[in-house]
1. Would you mind finding the one in R163, R214, R220 that is in contact with a strand residue (DSSP E or B) (Cβ under 8 Å, 6 or more places away or on another chain) and basic (K, R)?
2. Show the residue pairs that are 6+ apart or on different chains and have beta-carbon atoms under 8 Å apart, the first residue being within the stretch 23-50 and closer than 15 Å to F11 by Cβ and among the β-branched types (V, I, T), the second being open to solvent by less than 100 Å² (accessible area, probe 1.4 Å) and part of a helix (DSSP H, G or I).
3. Among Y275, Y286, which is the only one that is in a helix (DSSP H, G or I), open to solvent by 20 Å² or more (accessible area, probe 1.4 Å) and either in contact (Cβ under 8 Å) with a residue 60 or more places away in the chain or more than 22 Å from L353 (Cβ to Cβ) (or both)?
4. If we keep just the residues of the stretch 99-136 that are surrounded by 15 or more Cβ atoms within 10 Å (Cβ to Cβ) and among the small types (G, A, S), which is nearest to E46 (Cα to Cα)?
5. Looking only at the stretch 1-54, count how many residues are within 30 Å of I125 (Cβ to Cβ) and in contact with a helix residue (DSSP H, G or I) (Cβ under 9 Å, 6 or more places away or on another chain).
6. Please find, among L155, L150, the residue that is in contact (Cβ under 8 Å) with a residue 40 or more places away in the chain, out of contact with any strand residue (DSSP E or B) (no Cβ under 8 Å at 6 or more places or on another chain) and of a type outside the set (S, T, N, Q).
7. Output the helices (runs of 4 or more DSSP H) that fall wholly within the stretch 181-247 and possess 3 or more residues being within 30 Å of V168 (Cα to Cα) and open to solvent by less than 20 Å² (accessible area, probe 1.4 Å), or say none.
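The values are calculated or read from the model by the stated rules, or taken from the named source; none is laboratory data. What you see is a predicted model; the values in this text were computed from it and never measured. Every residue, glycine among them, receives a Cβ derived from its backbone with ideal geometry; neighbour counts consider all protein chains shown. In case anyone asks, the SASA skips ligands and DNA or RNA and just uses the protein heavy atoms, side chains included. Shrake-Rupley method; radii C 1.70, N 1.55, O 1.52, S 1.80 Å.
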Amino acid sequence: MVAVEHLPFSFGEKVDFNNYCQRALNPAACRVPRTTLTEALENIYEKEKKMLENFLEKYNGRVSVCADIWSDHWQMHSYIGVTCHYMENAWTIQKRILAFRVFDEKHTAANIFRHLRIIFTEYKIENKIFAIGFDNASNNTAAIPALIELCKPYLGGKFFHQRCACHVFNLCVQKGLKTLEQFIQPIKDALYFLWKHPSVVKLWAAYCKQNGKRAIRFPRDVPTRWNSTYKLLARSYEYRDLLVTFIQYHVSHINLYQSHWDACSNVCGLLKVFYTTTNNLSGVYYPTTNLFIIESLNIAGAFAHCESDSELHESVTTMKDKWLEYYKEFPNICLIALCFDPRCRLESLPDYLSAYYEQGLKIDYDVDMCCARVKTLLYELYDEYIKVYGPSLNIDVPQTQNVSRSSSSSSGFVNLGYNLL
């Protein structure tokens, strides 16, 4: 209970908790000292870790790893977290945390590689890693060549390094929102003023009650927290009329007008696409790589739709330029995953790519060459698995051929908000 609910180790010493246990559960229940609880949890941790080490050592498949580094500025420490994802024999996706450790050294590529090598060696998975996911920090990218040399992934690492797609989405949004500060900042200032002054909160609650509304706590806008701006605007939009009149009456130094909300209603439509996409790709216990191209079609459709809006044009152009820095070419693993999805398959790939490049981003791209490259990668990956696991069926693999464009529509599967297919 202490571990699951993130309770303090001293919880077993609480007087009320012990009174409850003795009266409701067992009169002979005794107080559990924090030292005893700490020792018990450490023993459980060591036992579970040993079981996981033994399992991964005997595991005959490949695993994917996700690593993240962040800083706690309150405690003045940095941490590294490493998560392992793999498939059980029953075709269920499993996730295990391999490490959560203090990382107070400089976040250089060499230090990142050293910490990951130690963790991979502990679990004996150096030669079992199919792909590793990082955010888009340059030091993470710089560590990839050394990790490829250590792990010896399939096909020389063509599928090895995967950037966090949701992190890229947030970078695009934050870049585009800078051009809309004139509309968004007054709303942020008004809400921040409500948070900061308890006396104003009471006045706001009374004002809402007078107008038949329930006062709520609005979400906060945190640049590093995905979709926080959308949540703030979407939640506060319902109270726009009350906020305008309340701020104009009580706060003289903040100029909040109805025109700000009119502009933000269009912004919310664009941000909602990123919000939905982030939620769909943030799943843990279902595959998401095969969904990436489909979700990218929604974002490309949003760009194409909103570029004609005079208020959003500059913001959309900025987002689109940032997007193309990362996804002018789709990652190989996403293309392969889409082909493995039985609802899409290789025959539908030209339709998806054409919709993405020609209708969404409106840029030139050789779709046929990309499809031929994907087909070659499929055969190379198949051959790689044959070398490792041996053939299970005697199948004659045909020579690689160019993929012709399919005339069949995939719109029955893809529910695009902007109807690119």
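1. One residue alone meets the criteria, R163.
2. V32/G12; V32/E13; T36/G12; T38/F9
3. Selected residue: Y275, the only one of Y275, Y286 that is in a helix (DSSP H, G or I), open to solvent by 20 Å² or more (accessible area, probe 1.4 Å) and either in contact (Cβ under 8 Å) with a residue 60 or more places away in the chain or more than 22 Å from L353 (Cβ to Cβ) (or both).
4. It comes out as A99.
5. Residues flagged as within 30 Å of I125 (Cβ to Cβ) and in contact with a helix residue (DSSP H, G or I) (Cβ under 9 Å, 6 or more places away or on another chain) within the stretch 1-54 amount to 7.
6. L155
7. The qualifying helices (runs of 4 or more DSSP H) are 181-196, 228-237.
A quick yes/no check of all residues on (1) within 28 Å of the chain's Cα centre (by Cα); (2) not in a strand (DSSP E or B):
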site: F17; (1), (2): no, yes
site: R23; (1), (2): no, yes
site: V65; (1), (2): yes, no
site: S78; (1), (2): yes, no
site: W91; (1), (2): yes, yes
site: H107; (1), (2): yes, yes
site: R117; (1), (2): yes, yes
